[in-house]
Amino acid sequence: MDGFDVENVPLVSLLNDVLSEYTGQLRALLGQFDTDGNRNTSADTTHTRQAAAIRLAALDRQLQQLHGALGQHQTRQQAIRRHQQLAMRTGAAKLRFVDSLLDAQTQLDAAVADAGKRIERARVAEGSRPRVDEVVAYAGKLSRYTAAPPNYDPGAAMPAEPPYPML
């Protein structure tokens, strides 16, 4: 852009400066056209009026350039806002994903701990399991002291129970 330092000077400052100068030039030019000024056709007055008109035209071009720069600036600002909103939505999605991962980790840790307890109980049960010959010997000892009730009739209808041992 001609004559503007848009990289280091805010656009609003540039616009205010150009508008102030434009207003001053316009007032000066219009001030030369008062009732007495219209009759004054000297070369100096005409030259001053032409210089003011040329300066106003240059300022008008600068205003048009600034208007274009402001449009581009607004477009960039809208793009920045869209990207910021996208970044916030993406960040929120990432947080939800991390939360779900932490929940899954908690559930998996609980499942692993439960499985570890079950394995430990199985190992204890495995180590304390009696041998078959000991169970048979113990059952033989118990059977000597176990008998059917005194009035037991094996032919009578009974509830669904296994039959009692007979002596």
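Throughout, read-outs are computed from the coordinates displayed, never taken from laboratory work. This is a predicted model, so every value here is computed, not measured. Ideal geometry is used to build each Cβ from the backbone, glycine not excepted, and the neighbour counts take in all protein chains shown.
Value of Rg to Rh for segment 34-127, rounded to two decimals, is 1.82; Kirkwood radius and Rg both from alpha-carbon coordinates. In a DSSP loop and with at most 13 other Cβ atoms within 10 Å, the trypsin sites (Lys or Arg not before Pro) in segment 43-144 are Arg131, Arg144.
Extension gain for Tyr138-Gln72 works out to 14.1 nm (0.36 nm per residue, less the C-alpha to C-alpha distance). Shape analysis of segment 90-149 yields a ratio of the Cα radius of gyration to the Kirkwood radius, Rg/Rh, of 1.55.
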